[in-house]
Amino acid sequence: MKTKNLNVVNNKLQLGKYPLESLASKYGTPLYVYDQLGIESKMDIFEDAFRSSKFKTCLVYASKAFLAPYFCNILNNRSWYQDATSIGDIYVMLESGFDASRIVYHGNNKKDSELEFAVKCGVGRIVVDNINELNRLIKICQKLNQKVDTLFRVNPGIEAHTHYYIQTSLLSSKFGESIFDLDLIKKIVEVYKHNEYVSLKGFHSHIGSQISDEKSFVENAKVMCEFTSNVSSLCNYPLTELNLGGGFGIKYLENDPDVNLKHMLSSIIETVEASGLSLEKLYIEPGRSVVGDSGLTLYTASYVKKTYGGKNYLFVDGGMTDNIRPALYNAAYTVENASNVSGEKDLKVDVVGRCCESGDIVAKDTYINDVKENDCIVVYSTGAYCHSMSSNYNSMLKPAVIFVDDDIHVVSRREELSDLMKLYEK
Ligand SMILES: Cc1ncc(COP(=O)(O)O)c(C=O)c1O
């Protein structure tokens, strides 16, 4: 939804002192625009509410939501951690000057070469997915004669109310091992016990994404504390850390449930404190909730096509290449005419892009006011999983990314036609 630094001046939307139309014409559309003050105030909420006097708390930003060197610097300056899902993510972070010891490296199928890269870089924690990966990691550490600290990913079987494709914690999930498979968990801890290179600091779980119901997080915290303490005493192995993953929801539509982030975070802390588990470090990994609702995408409208069949299409100059989420999992967005805010929103349209796919939809069955050619169309809450999932399908050029506070910061330039040729041999 609308970020709090967006306001209406002369019937047009502006972010801080910058009219969206002028950003669109200066940097071209599509354009990803981030309200930096909005992001920083979200980070403040995390820093204020996710604290404990009993253990250290670590905020791990889930970089899969949006990764860019400019933002790595903001995270680094505020001493946040970052999660990485590939050595590509790690590479971008390190090239940006991000502290390797604050990188948490994930992935259900890491290659030996990638594990070796991560160990050599000195990433803070490797989150091991399965026993095969653990054994390969041990061999790599032996070869390099280097020690590494890990977390082990488990699956607590908690069902969060969210879309199926972004649930990662059902019993048949591809991520981690089930907490109910105690024989396997004991075997894994035995492997850790009998080698000097790889240490198990604790477990990691992530129950899904875009969850607005606090109960799922509290349940996950309870289950994971109990599980950690059981395994620790069953295997006589100290487990001093716990990572509860991310998944905190945001509002995409007016009717989406409100999310009381502050309360959710305090409830997680209270649950872990009350569990009696003696911890040194508690991690969470928010992605979407840090950047999602402070990002928006600007497009230029060209034409409203009214079809014979009765459906209306608003054509914009972007689409599934800059926002794949509607096609991928029916994500819904709020759209507004930034060039003309007032006026009855009485035209039902599908806002569609320019790709050669009928699934190339930015917003389905949405209502908009009278749109004129070249109006600036804004889609709210596109800060997470849009830029990071963007593609060059149909040889579309990737949009620029700007962060706006009192100034405008170009975080990534718009692609040019010549960029399309950079990997090809002629
Ligand atoms: C392991 C892990 N941690 C954190 C996240 C971040 O989730 P979100 O952006 O919903 O907070 C994800 C998202 O898929 C994830 O897989």
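Observations
- When we screen VAL379, VAL362, VAL411, VAL349 for residues that are without any contact (Cβ under 8 Å) to a residue 60 or more places away in the chain and not in a loop (DSSP other than H, G, I, E, B), the only hit is VAL349.
- Checklist (1) assigned by TED's automatic domain parsing to the domain that holds SER390; (2) outside any loop (DSSP other than H, G, I, E, B); (3) crowded, with 24+ Cβ neighbours inside 10 Å; (4) touching a Gly at 6+ places or on another chain (Cβ under 7 Å) applied to LEU298, failing item: (4)
- For the residues ASP99, ASP83, ASP149, ASP112, the requirement of being within 16 Å of the ligand (Cβ to nearest atom), assigned by TED's automatic domain parsing to the domain that holds SER173 and of a type in the set (D, E, K, R) singles out ASP83.
- Selection within the range 246-264 - surrounded by 21 or more Cβ atoms within 10 Å (Cβ to Cβ) and more than 17 Å from the chain's Cα centre (by Cα): MET264
- Failed item, numbered, when ALA68 is tested on (1) within 23 Å of LYS4 (Cβ to Cβ); (2) surrounded by fewer than 17 Cβ atoms within 10 Å (Cβ to Cβ): (2)
- Selection within the range 98-127: residues that are touching a residue at least 40 places away in the same chain (Cβ under 8 Å) and assigned to a strand (DSSP E or B). The member of this set that is nearest to TYR70 (Cα to Cα) is VAL104.
- Residue list for the range 56-97, restricted to those being free of Cβ contacts under 8 Å to residues at least 40 places away in the same chain, farther than 20 Å from ARG413 by Cβ and touching a Gly at 6+ places or on another chain (Cβ under 8 Å): ASN76, THR85, SER86
- Criterion applied to PHE152, PHE98 was being among the aromatic types (Phe, Trp, Tyr) and farther than 22 Å from PRO238 by Cβ, and the one residue passing it is PHE98.
- A count restricted to the range 206-257 and to residues that are assigned to a loop (DSSP other than H, G, I, E, B) and among the aliphatic types (A, V, I, L, M) stands at 5.
- In the set (1) surrounded by fewer than 12 Cβ atoms within 10 Å (Cβ to Cβ); (2) within 25 Å of the chain's Cα centre (by Cα), MET421 fails one condition alone, (2).
- Only residues that are on the phi > 0 side of the Ramachandran plot and outside the structural domain of LEU296 (by TED's automatic domain parsing) were counted in the range 2-51, giving 0.
- Of all residues in the range 258-290, those satisfying the criterion of being more than 15 Å from SER205 (Cβ to Cβ), within 13 Å of the ligand (Cβ to nearest atom) and not in a loop (DSSP other than H, G, I, E, B) are LEU261, MET264, LEU265, ARG288, SER289, VAL290.
- Filtered by the rule that a residue be touching a residue at least 40 places away in the same chain (Cβ under 8 Å) and exposed (fewer than 15 other Cβ atoms within 10 Å of the Cβ), the range 333-346 gives a lone residue, SER342.
- Lone qualifier among SER169, SER173 - being surrounded by fewer than 20 Cβ atoms within 10 Å (Cβ to Cβ), assigned to a loop (DSSP other than H, G, I, E, B), within 13 Å of the ligand (Cβ to nearest atom) and modelled with pLDDT under 95: SER173
- Of the residues in the range 214-222, at least one is closer than 15 Å to LEU279 by Cα and hydrophobic (A, V, I, L, M, F, W, C).
- Among the residues of the range 183-191, none qualifies, meaning not one is more than 14 Å from the ligand (Cβ to nearest atom) and either part of a loop (DSSP other than H, G, I, E, B) or of a type in the set (Phe, Trp, Tyr) (or both).
- Test result for LYS215, modelled with pLDDT under 95, more than 24 Å from ILE74 (Cβ to Cβ) and basic (Lys, Arg): yes
- All of LEU253, LEU244 fail the test of being out of contact with any Gly (no Cβ under 8 Å at 6 or more places or on another chain) and within 16 Å of the ligand (Cβ to nearest atom), apart from LEU244.
- No other residue among GLY359, GLY318 is assigned by TED's automatic domain parsing to the domain that holds LEU296, closer than 30 Å to ALA62 by Cα and touching a helix residue (DSSP H, G or I) at 6+ places or on another chain (Cβ under 9 Å) apart from GLY359.
- If only residues of the range 153-165 that are buried (at least 18 other Cβ atoms within 10 Å of the Cβ) and either of a type in the set (A, V, I, L, M, F, W, C) or part of a loop (DSSP other than H, G, I, E, B) (or both) are counted, the one that is modelled with the lowest pLDDT is THR162.
- Condition met for GLY276 (without any contact (Cβ under 8 Å) to a residue 40 or more places away in the chain, loosely packed, with under 15 Cβ neighbours inside 10 Å and either assigned by TED's automatic domain parsing to the domain that holds TRP80 or of a type in the set (Gly, Ala, Ser) (or both)): no
The values are calculated or read from the model by the stated rules, or taken from the named source; none is laboratory data. A quick note: this is a predicted structure, and the numbers were derived from the prediction, not measured. Cβ atoms come from the backbone with ideal geometry, glycine included; neighbour counts cover every protein chain shown.
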